[in-house]
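In what follows, a structure is listed as structure tokens, so that the remarks can point back to it.
The values are calculated or read from the model by the stated rules, or taken from the named source; none is laboratory data. Just so you know, these numbers come straight off a predicted model, no measurement behind them. Positions of Cβ are generated from backbone atoms using ideal geometry, with glycine treated the same way; all protein chains shown enter the neighbour counts. Quick note on the areas: whole protein, heavy atoms, side chains included, nothing else; ligands and nucleic acids left out. Shrake-Rupley method; radii C 1.70, N 1.55, O 1.52, S 1.80 Å.
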Amino acid sequence: MVISGMPEPSDRVRELHARMTLEEKLAQLVGFWVDQGGEVVAPMADEMATSNKYEEATRHGIGHLTRVYGTRPVDAAERAAWLAGEQHRLRTQTRLGIPALVHEECLTGLAAWKAATFPTPLAWGAAFDEGLVEQMGRVIGESMRSLGIHQGLAPVLDVVRDPRWGRVDECISEDPYVVGMLGTAYVRGLQSAGVHATLKHFVGYSASQAGRNHAPVHAGSREIADVLLPPFEMAVRDGGVRSVMNSYAEIDGVPVAADPSYFEQLLRQEWGFDGVVVSDYFAVAFLHRMHGVAASKGQAAELALTAGIDVELPTGDAYLEPLEERVRAGVTDEQIVDRAVLRVLAQKEELGLLEEDFVFVPEPVDLDSPAHRDVARRLAEKSVVLLANDGTLPLTAPAERRIAVIGPNAESAEALMGCYSFANHVLANHPGTPLGFEIPSVAEALRGELRSARITTVRGSDVDGDDRSGIADAVAAAGDAEVAIVVAGDRAGLFGRGTVGEGNDSETLELPGVQRELVERVVATGTPVVLVLLTGRPYAIDWAVSGDFAPAAVVQAFFPGEEGGAAIAGVLSGRVNPSGRLPVSLPRSAGAQPYSYLHPRLGGTTDITSAASDPVLPFGHGLSYTTFEHSALSVDDAVVMSDAPFTARVMVRNTGSVRGSDVVQLYAHDEHASVTRPVAQLVAYARVDLDPGEAVEVSFRVPPTRLAFSDRQLRKVVEPGRIHLWVGASCADRETEASIELTGETYEITSDDERVVRTEVTSGAVV
């Protein structure tokens, strides 16, 4: 049997497959959720709970064990010992002796009790540092592998399209190249530790109607091809990812989980993916229950297998008895089962699970080691974005200051973590259970950072709700202080258990609850106010950036993880020079959504509409305690063939008085094309560290793919014509400009074309 998208199966895999009964084949295509009962950590998990007993479900073997560490708080060492025993039982007490593949969530660190919690992906985007994201992936993978986990359900490569969507905190950016670069880096890191990464959610999930979870997607073919698919292609072709998970979405009426054009044709035949496709939790059964495109779970199983979904997670709701009945009745061709089984066995062979001497021996492991915390600290520090500052920051002198730390997130450790952190994902169901690792709140970190200051904390209000009873105390505390720091924002959670996160979509982009009123009342005292936002989405805070009640400074942190409190305290004190940049536009209003900086001319504010859509602050914006000058942008050749790369060079100088990091951003605009093009598109970026007065030359070798788009025939092409280029502090800042003329015939992109810009930094003089 020839299988599209994978090499010829090995003799061992073919021999094993030839011995399998239908029951044994189907068992390899499903997971079993050992701890599912009573825990709701997936959509409709309470309604979809299986009644199968574990021993019965595994008598023919099992494909996956679902979230054995991440469903409830279990001691990792004890659970590892249990897992070792179960793998031994599967090896010795089932007919074929095939161990289970163990998968777990790992988006912000291993989702297990007491494990390190890293910044959320939106913070990765703000850091613009793929090398550091790769290091994070590696240390997460090392923890997972030591616990006998083989596959991680991350990264999320959904491109942000609407900040009202609750799962924005799981996403990296609104720019597909940034998503692709950082997502691919995470894949490399995780897989370097021997754990297979899983791309989520293929494809279209983030483009849902009105930003509603699971809502229909109305994206056109060009938006899908040019915006939503490129990050996945990069992770497949450049990152060598081994697993992909389907999107829950329906696109133009066809659920992705039932569409072979994405998995069998695009992913496997065109991109050459040779790994395993797994379903998002319950997605196969949802074809019957939610989408209504299948009359039964058995028909849903046939649709999903035909589409190319090899493994049903988290359990075998459709791929076991319902599918078995159809195969035995001759309704469903067993060949689609065989195709998936061969892929699953090949994956297990690749992971070493089919070796004769396979045994899992648990080893002592520190899930929150100094190495974990070092990466978490550096990534958190690089991700903090200084949105506005009138000179109040940094808080350098005098040493003994009266500081009021106010707000619902000031003393909340949970406010530093995203929806898929173990704390907010699981421990919220277990009140009273300790987090199990150190995660100082912003207030605690400030006390350690500013040891001579006299710090008073007042909550002021809750994150949501309309209780204003604490505002008066906050106002009084601010009035007695020299500086007031208001820590506001989100509370991440699941399905209505928070203000952001899976199932927590929003009708408004105003700060939840009465937090704006709290900030404005504190500002009205006349005390200088620093607003610190701990959020999982960008909010419409034009009033905080400018206006009568604008704070003196605004700091944005996207759930920066266990070292986030210290990172923020370091930024406020000046120990850390902020270098984060907005990975998403700061929205004007909910009514202006969906919005992307990648809009054509008529997608922005014009004089032919009375409704403005321009963001309050643009993509790429971020301030520093120093200043940077970008100059002398040039292109080696002013005329370039459409099929050839070009090199752009720019001088960058630290013109301030302290060392700092700049994110150099190269943008482009295709002035005339056969289809409308964005007014600005990030072509490349580079992080550079500069001492005061130091200058460097940054060169970008730009391949044709970075200017490519889908033409009217949906061919990915580069057309001849003039390209305008610029470098600045954001997509809206054209500090230094240049142009090139692309000549020759229209060039159609091939799989051999590079997708990544090569960057080089050449040291310059210090003036």
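Search the range 171-194 for residues being free of Cβ contacts under 8 Å to residues at least 60 places away in the same chain and assigned to a loop (DSSP other than H, G, I, E, B), and hand back the single one that is farthest from Val500 (Cα to Cα). Restricting to residues being free of Cβ contacts under 8 Å to residues at least 60 places away in the same chain and assigned to a loop (DSSP other than H, G, I, E, B), the top hit is Ala193.
Would you say Ser573 is open to solvent by 10 Å² or more (accessible area, probe 1.4 Å), out of contact with any His (no Cβ under 6 Å at 6 or more places or on another chain), over 30 Å from Val159 (Cβ atoms) and at pLDDT 95 or above?
Numbers: open to solvent by 10 Å² or more (accessible area, probe 1.4 Å): yes; out of contact with any His (no Cβ under 6 Å at 6 or more places or on another chain): yes; over 30 Å from Val159 (Cβ atoms): yes; at pLDDT 95 or above: yes.
Spelling it out, Ser573 is indeed open to solvent by 10 Å² or more (accessible area, probe 1.4 Å), out of contact with any His (no Cβ under 6 Å at 6 or more places or on another chain), over 30 Å from Val159 (Cβ atoms) and at pLDDT 95 or above.
Scanning the range 256-280 for residues that are touching a strand residue (DSSP E or B) at 6+ places or on another chain (Cβ under 8 Å) and of a type in the set (Ser, Thr, Tyr), we see that the one that is farthest from Lys716 (Cα to Cα) is Ser279. Is it true that Leu623 is in contact with a His (Cβ under 6 Å, 6 or more places away or on another chain) and not charged (D, E, K, R)? Against the criterion (in contact with a His (Cβ under 6 Å, 6 or more places away or on another chain) and not charged (D, E, K, R)), Leu623 does not qualify.
If the condition is being open to solvent by 70 Å² or more (accessible area, probe 1.4 Å) and out of contact with any Asp or Glu (no Cβ under 9 Å at 6 or more places or on another chain), then the range 642-661 contributes only Ser657. The set of residues from the range 16-31 being part of a loop (DSSP other than H, G, I, E, B) and surrounded by 24 or more Cβ atoms within 10 Å (Cβ to Cβ) comprises Gln28, Leu29. The listed residues are Gly85, Gly97, and the only one of them that is surrounded by fewer than 18 Cβ atoms within 10 Å (Cβ to Cβ) and in a loop (DSSP other than H, G, I, E, B) turns out to be Gly97. Just checking, does the range 751-760 include any residue being assigned to a strand (DSSP E or B), surrounded by 16 or more Cβ atoms within 10 Å (Cβ to Cβ) and over 28 Å from the mean Cα position of the chain (by Cα)? For the range 751-760, residues assigned to a strand (DSSP E or B), surrounded by 16 or more Cβ atoms within 10 Å (Cβ to Cβ) and over 28 Å from the mean Cα position of the chain (by Cα): absent.
Of all residues assigned to the range 198-205, at least one qualifies as being touching a residue at least 12 places away in the same chain (Cβ under 8 Å), assigned to a loop (DSSP other than H, G, I, E, B), in contact with a strand residue (DSSP E or B) (Cβ under 6 Å, 6 or more places away or on another chain) and open to solvent by less than 20 Å² (accessible area, probe 1.4 Å).
Picking from residues in the range 515-530 that are β-branched (Val, Ile, Thr) and open to solvent by 10 Å² or more (accessible area, probe 1.4 Å), the one that is nearest to Leu572 (Cα to Cα) is Thr527. For the range 583-604, the set of residues classified as over 18 Å from Trp726 (Cβ atoms) and open to solvent by 60 Å² or more (accessible area, probe 1.4 Å) consists of Arg588, Gly591, Pro594, Leu602, listed by residue number.
Can you confirm whether the range 662-682 contains a residue that is in a strand (DSSP E or B), at pLDDT below 95 and touching an Asp or Glu at 6+ places or on another chain (Cβ under 7 Å)? Please lay out each step first, then the result.
The first filter runs over the range 662-682 and keeps only residues in a strand (DSSP E or B), leaving 662-670, 681-682.
Add one more test, that the residue is at pLDDT below 95, and what stays is none.
No, every residue in the range 662-682 fails to be in a strand (DSSP E or B), at pLDDT below 95 and touching an Asp or Glu at 6+ places or on another chain (Cβ under 7 Å).
For the range 134-193, filtered to residues that are in contact with a strand residue (DSSP E or B) (Cβ under 6 Å, 6 or more places away or on another chain) and polar (S, T, N, Q), the residue that is least open to solvent (accessible area, probe 1.4 Å) is Gln151.
Taking the range 591-618 only, how many residues are under 27 Å from Val442 (Cβ atoms) and either out of contact with any helix residue (DSSP H, G or I) (no Cβ under 9 Å at 6 or more places or on another chain) or free of Cβ contacts under 8 Å to residues at least 60 places away in the same chain (or both)? Before you say what the answer is, go through the steps one by one.
Filtering the range 591-618 for residues under 27 Å from Val442 (Cβ atoms) gives 615-618.
This time we only want the ones that are either out of contact with any helix residue (DSSP H, G or I) (no Cβ under 9 Å at 6 or more places or on another chain) or free of Cβ contacts under 8 Å to residues at least 60 places away in the same chain (or both), so: 615, 618.
Residues meeting the conditions: 2.
Looking at Gly448, Gly418, just one residue is open to solvent by less than 10 Å² (accessible area, probe 1.4 Å), at pLDDT 95 or above and not in a strand (DSSP E or B), and that residue is Gly418. For the criterion of being of a type outside the set (Ser, Thr, Tyr), open to solvent by less than 30 Å² (accessible area, probe 1.4 Å) and under 29 Å from Gly503 (Cα atoms), Val385 passes.
Return the total of residues in the range 468-513 being assigned to a loop (DSSP other than H, G, I, E, B) and either touching a residue at least 12 places away in the same chain (Cβ under 8 Å) or of a type in the set (Asp, Glu) (or both). Spell out the reasoning first.
Here is the first cut: in the range 468-513, the residues assigned to a loop (DSSP other than H, G, I, E, B) are 468-470, 480-482, 490-491, 493-499, 501-513.
Next, only the ones that are either touching a residue at least 12 places away in the same chain (Cβ under 8 Å) or of a type in the set (Asp, Glu) (or both) stay: 468, 470, 480-482, 490-491, 493-495, 497-499, 501-513.
Total satisfying the criteria: 26.
Exactly one residue among Leu534, Leu494 is open to solvent by less than 10 Å² (accessible area, probe 1.4 Å) and modelled with pLDDT under 95, and that residue is Leu494.
Against the condition open to solvent by 10 Å² or more (accessible area, probe 1.4 Å), within 30 Å of Leu623 (Cα to Cα), of a type in the set (D, E, K, R) and touching a residue at least 12 places away in the same chain (Cβ under 8 Å), how does Asp75 come out, does it pass?
On the way: open to solvent by 10 Å² or more (accessible area, probe 1.4 Å): yes; within 30 Å of Leu623 (Cα to Cα): no; of a type in the set (D, E, K, R): yes; touching a residue at least 12 places away in the same chain (Cβ under 8 Å): yes.
No; evaluated as a whole, the condition is false for this residue.
Any residue in the range 554-563 that is open to solvent by 20 Å² or more (accessible area, probe 1.4 Å), out of contact with any helix residue (DSSP H, G or I) (no Cβ under 7 Å at 6 or more places or on another chain) and at pLDDT 95 or above? No, the range 554-563 has no match at all.
Looking at the range 279-316 only, could you name the residues that are acidic (Asp, Glu) and touching a Phe, Trp or Tyr at 6+ places or on another chain (Cβ under 7 Å)? Answer for the range 279-316, where residues must be acidic (Asp, Glu) and touching a Phe, Trp or Tyr at 6+ places or on another chain (Cβ under 7 Å): Asp280, Glu312.
Val426 meets each of the listed conditions (1) in contact (Cβ under 8 Å) with a residue 60 or more places away in the chain; (2) of a type in the set (Val, Ile, Thr); (3) in contact with a helix residue (DSSP H, G or I) (Cβ under 8 Å, 6 or more places away or on another chain) apart from (3).
Would you list the helices (runs of 4 or more DSSP H) that sit entirely within the range 242-339 and hold 1 or more residues that are surrounded by fewer than 19 Cβ atoms within 10 Å (Cβ to Cβ) and in contact with a Lys or Arg (Cβ under 9 Å, 6 or more places away or on another chain)? Don't jump to the end; show me each part of the working.
On the way: elements: 283-289, 297-307, 321-328.
Fully inside the range 242-339 and qualifying: 283-289, 321-328.
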